[in-house]
Amino acid sequence: MSARGEFSSRFGFILAAAGSAVGLGNIWGFPNQVAENGGAAFVLVYLILAFVLAYPVLMAELVIGRANRSNMVDALSKISGGISGKAVGLWGCVTVSLILAFYAIVGGWMIAYLAEPVTGFLGLEAASAWLVGFSVPRNVILCAVFFSLTALIVTGGVRGGIERWSVRLMPTLIFIICALIVYVSFQDGAMDGWRVYLVPDFSKVFSPDLLVSAMGQAFFSMSLGVGTMLVYGSYISKKESLPALGASVALVDIGVAIIAGMLIIPAMYVALNNGVEIFTSTGALIGGDQLIFTVLPALFDSIGGVGPLVALAFFALMVIASLTSSISMLEVPVAYLVENKNVSRTKAVWLLTAMIFGLSCVIIFNFSSLFGLVIDATTKYSQPLLGFALCLFAGWVWRRDAILTELKEGNPTIEQTLFWKIWPFYVKFICPVVILLMFVRSVISGGE
């Protein structure tokens, strides 16, 4: 056990785990969900569901990880005592690897748009055109660059790599968001965006679509279901109180999502004021990659000399958000190779990086048919089913007294707390049912 890494501080773990949870979805997904679902009313519902539903699953992963002090495959195998735990653990490793395969492609795009203001400033027009033009060579090269950055961080281990860089990247990310909020808020049109974001439309609160959207955002924005939090949990000191740590991670993740909304929605209305189209043909706000790579670059172009600097800051933010998530994803299969197969960390990191980069290349060369398919297969189908399986392990397979013993490690009086009176029931009955309902609804809506 002494050979395993461990986070050196509570602060380091919170920033690393929050960094895993804070990804591109928080920055381009959450703001649009808010704008389309009643503004502040959606934020309120999201906050409630994040702690009622997502937090219990987060706690399940952290408790399983720390109690077993091992990777996802071995941890679940110890709990189940049979093949089911190993199968779910390997399924998690495969799923997170596939997610990283497409995520790294998008991370490469972020690097391209980060570099473009620099090449534009230097007058390298051909380089700028290559960076923002969609091509196979660009996608392969910049995906390789993104993988290299991810691998270099993970090679350093828990303290020297993941924690060291998380405590640098996460405060930088928050600083950049806040600086951009201040800048955007003083631009013409920003107040219209603030009104859309902050004024609640309570008529939408009980809309089934809003509730399902909020559940999905709360559950998936915390990086749950694929073992990242389980593996990070295995690196937590036994002295720490897990419920308090889990709450801190949830609060940071939710906080970053909310301040991202304070940036994105006003920025979109500034773009509208500058003549940039921000609505789809159905009247909905443009979201996803079209928002990031079409609407916002058009906004940066429209604000004159300071545009390239604002673009540089924004895409630096996006690269950081991508990296803090990708390092946690890569750590899941790396931990398995290191601990289960006795492969050295450096060899495991670069071997897996090469293999997953190979998957990325397959997607890039068959982009139109595979990119959306892999995203749907992993995030819409595999991830919720894995979250469901983890609830079954924590609620039904693992003995309740063993869970209590583990939680007492950092909080001897936890048996008397409200957390222990509620959490076991929630993770056993409520969370599995809700996750299954979300899954069925997403399958039905996806088939329509």
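Every read-out reported here was derived from the displayed coordinates using simple, explicitly stated rules and does not represent laboratory data. Since the model is a prediction, treat every value here as computed from it, not as a measurement. No Cβ is skipped: glycine too gets one built from the backbone with ideal geometry, and neighbour counts run over all protein chains shown.
Which order do peptides 229-241, 344-356, 367-379 fall in by mean Cβ count within 10 Å, highest first? Spell out each step's value before the answer.
Working: 229-241: 22.0, 344-356: 17.7, 367-379: 14.8.
Per-residue mean Cβ counts within 10 Å order the peptides as 229-241, 344-356, 367-379.
On the first, second and third principal axes, largest extent first, how far apart are the outermost C-alpha atoms of region 49-153 in Å?
61, 31, 22
When you count, for each residue, the other Cβ atoms within 10 Å and take the mean per peptide, how do 172-184, 406-418 rank with the highest first? Mind dumping the intermediate values first?
Working: 172-184: 17.6, 406-418: 14.5.
Result, highest mean first: 172-184, 406-418.
Going 7 Å from the Cα of K239 toward and past its Cβ, which residues in region 391-418 have a backbone nitrogen under 14 Å from where you end up?
410-411
Roughly how many nanometres apart are two label points built 7 Å out from the Cα toward the Cβ at I141 and S368?
In this crude label model, I141 to S368 measures out at 2.4 nm.
Over 31 Å between Cα atoms: which of K341/K421; K347/K428; K380/K428; K204/K408 fall into that group?
K341/K421; K347/K428; K204/K408
For the chain, what are the DSSP H helices with axial Cα length of 18 Å or more and mean Kyte-Doolittle hydropathy of at least -0.5?
Values: long enough: 55-68 (20 Å, 0.80); 83-121 (58 Å, 1.39); 136-155 (28 Å, 1.85); 164-185 (33 Å, 1.63); 208-221 (19 Å, 0.88); 242-273 (47 Å, 1.91); 307-340 (50 Å, 1.53); 345-365 (30 Å, 1.67); 431-447 (24 Å, 1.89).
Within the chain the helices that satisfy the rule are 55-68, 83-121, 136-155, 164-185, 208-221, 242-273, 307-340, 345-365, 431-447.
Take every Cα pair under 8 Å in region 10-447 that's 6+ residues apart, average their separations, divide by the length, and report that relative contact order as a whole percent. Provide the component values of the computation, followed by the final result.
Numbers: 646 pairs, mean separation 148.3, N = 438.
Taking the mean separation of contacting Cα pairs over the length of region 10-447, I get 34 percent.
Going by Cα centres, region 228-242 and region 111-161 are how many Å apart?
Cα centroid of region 228-242 versus Cα centroid of region 111-161: 32 Å apart.
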